[in-house]
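Here's the structure we're looking at; comments come further down.
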Amino acid sequence: MSAAIETRELNVWFGKGRDRVDAVRDANLIVPQGTSHGIVGESGSGKSTILRALVGLVPTVSGEMIIEGTSVTTPRNGAFYKTVQMVFQDPYASLHPRHSVDQVLNETLKLHGFGDREDRVLQLLKDVGLGEAFRFRFPHQLSGGQRQRVAIARALAPQPDILLLDEPTSALDVSVQAEILNLLVDLRAERSLTYVMVSHDLAVVAHLCGEVSVMQNGVIVETLPVEKLRRLEADHDYTKHLLKASADTGHA
Ligand SMILES: Nc1ncnc2c1ncn2[C@@H]1O[C@H](COP(=O)(O)OP(=O)(O)OP(=O)(O)O)[C@@H](O)[C@H]1O
Ligand SMILES: [Mg+2]
């Protein structure tokens, strides 16, 4: 079976000439179907850029991106977004302030050609642990955690196989983070989803992911099974440094 996601020599850059920033360099990533892959690394190392490149949100890219055995085309077609969906860090920014939960979900379902939308909206709310009472609320009437549940429901609406999660809990209160992470764990188990999750929190990655790629300055310096992270074993100096920093702050 082909991998859910594969990148071959993926390069992403912004700007030209002296202003050029090489955000991702020669990234090779293989994420088997049904697994959860973490991406960690310091701020600016290119983690979000890899996810944004996969969904076609960055213009200047070279190399190959293969989803379920097929090279992606630019622009992405509708079928692509039935397979791959992304959840962003800040649910407030990613939800339209004047659209109710019902509108958000309905429009996504319509875009992807689904009928019986009322039933589906109610089911999606249930799937993410929100009751019917939330259906006609607007983003400002929701807590951060509830907003992120709506963003996750929207991502699930097209029934994707793959979710790309960019720090899905880092904008939330610590107490709410665990709830959302547990929801993500449950959803993945129920639907055999494939995740790629960016996080700067090694403990979160250790909890959710089977394999982790470590990025530094646009380069994947090491990919290792999460058991090695847990045992504080790493081959690359930079990963050791991350593990030490995390242990010092009590996060891993
Ligand atoms: N639209 C853009 N235009 C120019 N440079 C960009 C753009 N987006 C990202 N970059 C640059 O690309 C590099 C990688 O950025 P990226 O957002 O992928 O980092 P990150 O690892 O997700 O960091 P963080 O942990 O802070 O979210 C950074 O140097 C950033 O400044
Ligand atoms: Mg980022």
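A few remarks follow.
- Protection proxy ranking of 10-21, 145-156, by the mean of other Cβ atoms within 10 Å over each peptide's residues and highest first, is 145-156, 10-21.
- With contacts taken as Cα pairs under 8 Å and at least 6 residues apart, the chain reaches a relative contact order of 25 percent.
- Positive-end residue of Gly34, Leu54, Pro75, charge dipole of segment 32-93 with Cβ unit charges: Pro75
- With K and R counted +1 and D and E -1, the other residues having a Cβ less than 14 Å from that of Ser199 yield a net charge of -4.
- C-alpha long axis of helix 174-191 to longest principal axis of the chain, angle in °: 80
- About the Cα centre, charge dipole magnitude for the chain (Lys/Arg +1, Asp/Glu -1 at Cβ), debye: 580
- Using alpha-carbon coordinates, inclination of helix 237-248 to the longest axis of the chain, degrees: 60
- In segment 3-248, the alpha-carbon atoms span a convex hull of 131 Å³ per residue.
- Radius 15 Å from Cβ of Thr249, net charge of other residues (Lys, Arg +1; Asp, Glu -1): -2
- The sum of -39500 (n - 2.57) across all DSSP H runs of n ≥ 4, divided by the residue count of the chain, sets its helix-only mean residue ellipticity at 222 nm to -11000 deg cm²/dmol.
- Spin-label zone in segment 115-157 - amide nitrogen under 16 Å from a point set 7 Å from the Cα of Glu68 along the C-beta vector: 156-157
- Counted over the chain, the DSSP beta bridges are approximately 55% antiparallel.
A short reminder: the numbers here are calculations on the coordinates, not readings from a lab. Quantities reported herein were computed from a predicted structural model and do not represent experimental measurements. With ideal geometry, Cβ positions are generated from the backbone for all residues, glycine too; neighbour counts draw on all protein chains shown.
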